[in-house]
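The values are calculated or read from the model by the stated rules, or taken from the named source; none is laboratory data. These figures come from a predicted structure and were not determined experimentally. All Cβ positions, even for glycine, are placed from backbone atoms using ideal geometry, and neighbour counts span all protein chains on display. In case anyone asks, the SASA skips ligands and DNA or RNA and just uses the protein heavy atoms, side chains included. Shrake-Rupley method; radii C 1.70, N 1.55, O 1.52, S 1.80 Å.
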Amino acid sequence: MSIQWSDSYKIGNAEIDAQHEELFRRANQFLEATGKPALVAFAISLYKYTRSHFAQEEQLMIEIQYPDYQIHKQQHEALILKLDALTRNITDDALNKAEFAEFIGYWLLKHIASTDTKLAAHINQS
Ligand SMILES: [Fe+2]
């Protein structure tokens, strides 16, 4: 089970694009892992990287006084909560890998394709 990064997911900001690609790489490490220790390790690695990526995006939004900052940040918080819940499922032996893959593939992509793309368009305008 894996998800495929595509250059069409690029939003036009080199730093953010590189971080999104890294998110996919870590998501795939998790999806391809077997056995609880590896699953837990890769889930934590993905979780930590997602948090730091979101924090960097939020810092950038503050710096440029981005008007949609609050909405964008709320989406990040919802994604982090979901990722946290899915990660906890592993330690409770209730991991649903298909649900995890769907979350990554759908919610993360949806966020990149809509919310992050709007941010990049704003950056490129100013
Ligand atoms: Fe974002």
In region 1-19, the residues that are at pLDDT 95 or above and either buried (at least 16 other Cβ atoms within 10 Å of the Cβ) or within 12 Å of the ligand (Cβ to nearest atom) (or both): Gln19
Return a yes/no flag: does region 51-59 have any residue that is touching a residue at least 12 places away in the same chain (Cβ under 8 Å) and under 19 Å from Tyr106 (Cβ atoms). yes
Open to solvent by less than 70 Å² (accessible area, probe 1.4 Å), more than 15 Å from the ligand (Cβ to nearest atom) and either free of Cβ contacts under 8 Å to residues at least 24 places away in the same chain or polar (S, T, N, Q) (or both): does that describe Asn89? yes
Among residues of region 93-126 being touching a Leu at 6+ places or on another chain (Cβ under 9 Å) and of a type outside the set (A, V, I, L, M, F, W, C), the residue farthest from Asn13 (Cα to Cα) is Asn96
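With respect to Ile112, is the statement that it is open to solvent by less than 40 Å² (accessible area, probe 1.4 Å), in a helix (DSSP H, G or I) and more than 11 Å from the ligand (Cβ to nearest atom) true?
no
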Could you list, in sequence order, the residues of region 53-73 that are more than 10 Å from the ligand (Cβ to nearest atom) and either open to solvent by 50 Å² or more (accessible area, probe 1.4 Å) or at positive phi (or both)? Ala55, Gln59, Ile62, Glu63, Ile64, Gln65, Pro67, Asp68, Gln70, Ile71
If you go through region 22-41 one residue at a time, do you hit one that is outside any helix (DSSP H, G or I), open to solvent by 50 Å² or more (accessible area, probe 1.4 Å) and either modelled with pLDDT of 90 or more or not basic (Lys, Arg) (or both)? yes
Count - residues of region 16-46 that are in contact (Cβ under 8 Å) with a residue 24 or more places away in the chain, within 22 Å of Leu119 (Cα to Cα) and not hydrophobic (A, V, I, L, M, F, W, C): 3
